[in-house]
Amino acid sequence: MHSASDAMGEGDETARYRLREDRLAAFERDGFCGPIPVLDAARLRRVRDAVDLVIARLDELEPRLYEVERAHADRPGEVVCHFLGGWLVDDELRSLVFDLAVTVPCAQALGVDRLRFWHDQVFAKPPHHPGVVPWHQDESYWTRVQPIRHVTMNLLLDDADATNGCLQFVPGSHRWELLPKLPFDAPLEAILAWLPPARRAQFAPRPVPVPAGHATLHHARTLHGSGPNASARPRRAVVLNYMAPDTRVADASAPLLRGVPLLPIGALVEGPHFPIALDLRAESP
Ligand SMILES: O=C(O)CCC(=O)C(=O)O
């Protein structure tokens with residue numbers, strides 16, 4: 001198969017968005033990489049405004065989104081604001097899904113020349129907010145599709161560092177076994193109780209500070225989480241999740257996302273909710 005790297009030649013429009021070789025090597029070695037530049041200052045302001053607007057209207061928009069984290073809706077002062085499906089209600093968030101600065105690095109990390117959109121998410125921690133995102137592997141949420149060949153871009157809308165709860169990753173954990181999915185409002189380190197002693201010894205988190213408008217990329221099995229926001233600054237992130245184009249339904253007991261047509265078991269995950277966001281085959285001669 002011809003890979004994203006093969007297809008992205010020097011002269012083409014995608015070349016300027018390609019991951020540096022050292023970033024790609026880090027992704028393969030550690031299961032994450034970054035920071036990667038994605039948004040210029042004007043676009044960053046627009047995306048921030050879009051996210052703030054959706055959050056301000058979250059109750060009203062909730063029926064049109066895929067999901068709003070229940071625990072946050074019940075206890076907003078304690079639990080991080082998290083929702084899925086912002087691209088359904090806001091054009092600025094929708095445009096991110098197809099933006100080459102997002103899709104090219106994701107295709108490269110996955111090693112595909114056609115990249116399918118899975119869903120988006122927003123995580124927002126206001127200043128001085130105690131909410132955490134407990135350690136987890138994204139794959140633990142995605143067992144209803146197969147194969148898991150997915151990638152996550154976490155795009156920061158604010159400078160993120162240890163004081164406002166930047167993302168932390170466990171290097172090499174993309175090669176670990178699949179761990180259980182824990183509740184979103186669990187304590188940060190709840191997963192530790194589920195780690196066998198050998199994994200516990202390898203649990204060496206690395207915080208990754210990221211400037212606003214930049215992103216990290218991580219593998220679907222990489223263990224990651226983030227602590228509270230102890231600063232006077234907000235810490236907002238838009239997350240873009242993609243998958244290989246041949247992903248299929250493994251569990252047809254309910255739609256894959258709320259409001260999405262039910263697909264039969266074994267069917268290709270496709271349709272307007274799961275568009276091909278980048279097709280390098282179409283662009284090559
Ligand atoms: O931004 C966060 O703190 C959590 C994000 C996350 O879980 C992800 O990007 O997959």
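Brief remarks on what is shown
- Any chance W87 is touching a strand residue (DSSP E or B) at 6+ places or on another chain (Cβ under 9 Å) and within 13 Å of the ligand (Cβ to nearest atom): no
- Screening A71, A25 for residues that are more than 20 Å from L156 (Cα to Cα) and within 15 Å of the ligand (Cβ to nearest atom) leaves exactly one candidate, A71.
- Take the conditions (1) over 30 Å from F203 (Cα atoms); (2) in contact (Cβ under 8 Å) with a residue 24 or more places away in the chain; (3) surrounded by fewer than 16 Cβ atoms within 10 Å (Cβ to Cβ); P37 misses just one of them, which is (1).
- Of everything listed in (1) within 28 Å of V145 (Cα to Cα); (2) buried (at least 20 other Cβ atoms within 10 Å of the Cβ); (3) at pLDDT 95 or above, the single unmet condition for P63 is (2).
- The one condition from (1) touching a helix residue (DSSP H, G or I) at 6+ places or on another chain (Cβ under 7 Å); (2) assigned to a helix (DSSP H, G or I); (3) within 11 Å of the ligand (Cβ to nearest atom) that V122 does not meet is (2).
- Scan the stretch 170-196 for residues that are of a type in the set (V, I, T) and more than 19 Å from the chain's Cα centre (by Cα) and the total you get is 1.
- The stretch 149-159, residues that are closer than 16 Å to Q108 by Cα and assigned to a loop (DSSP other than H, G, I, E, B): R149
Here's the yes/no breakdown for (1) surrounded by fewer than 18 Cβ atoms within 10 Å (Cβ to Cβ); (2) under 30 Å from L262 (Cβ atoms):
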residue	(1), (2)
V79	no, yes
L84	no, yes
D113	no, yes
Q121	no, yes
A124	no, no
P127	yes, no
V132	no, no
T152	no, yes
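- Looking across the stretch 135-148, the residues that are part of a strand (DSSP E or B) and more than 9 Å from the ligand (Cβ to nearest atom) come down to W135, V145, Q146.
- Residue within the stretch 243-257 that is assigned to a strand (DSSP E or B), within 16 Å of the ligand (Cβ to nearest atom) and either modelled with pLDDT of 95 or more or buried (at least 20 other Cβ atoms within 10 Å of the Cβ) (or both) present: yes
- Selection status of V239, within 12 Å of the ligand (Cβ to nearest atom) and more than 22 Å from I148 (Cβ to Cβ): no
- Filter pass, G271 being away from the ligand (no atom under 16 Å from the Cβ) and outside any helix (DSSP H, G or I): yes
- Any hit, the stretch 197-211, residues being within 13 Å of the ligand (Cβ to nearest atom), within 18 Å of the chain's Cα centre (by Cα), surrounded by 14 or more Cβ atoms within 10 Å (Cβ to Cβ) and closer than 19 Å to D138 by Cα: yes
- Exclusive hit being of a type outside the set (D, E), in contact with a Pro (Cβ under 7 Å, 6 or more places away or on another chain) and either within 16 Å of the ligand (Cβ to nearest atom) or more than 19 Å from P37 (Cα to Cα) (or both), set P105, P76, P63, P130: P130
- Residues considered: L156, L88, L192, L93. Of these, the only one that is within 21 Å of L24 (Cβ to Cβ) and at pLDDT 95 or above is L156.
- Residue check for T216: assigned to a loop (DSSP other than H, G, I, E, B), touching a Ser or Thr at 6+ places or on another chain (Cβ under 9 Å) and within 12 Å of the ligand (Cβ to nearest atom): no
- When the stretch 52-103 is filtered for residues that are charged (D, E, K, R) and either part of a helix (DSSP H, G or I) or closer than 30 Å to D12 by Cα (or both), the ones remaining, listed by number, are D52, D59, E60, E62, R64, R70, D74, D90, D91, E92, R94, D99.
The values are calculated or read from the model by the stated rules, or taken from the named source; none is laboratory data. Quick caveat, the model's predicted, so the values are computed rather than measured. No Cβ is skipped: glycine too gets one built from the backbone with ideal geometry, and neighbour counts run over all protein chains shown.
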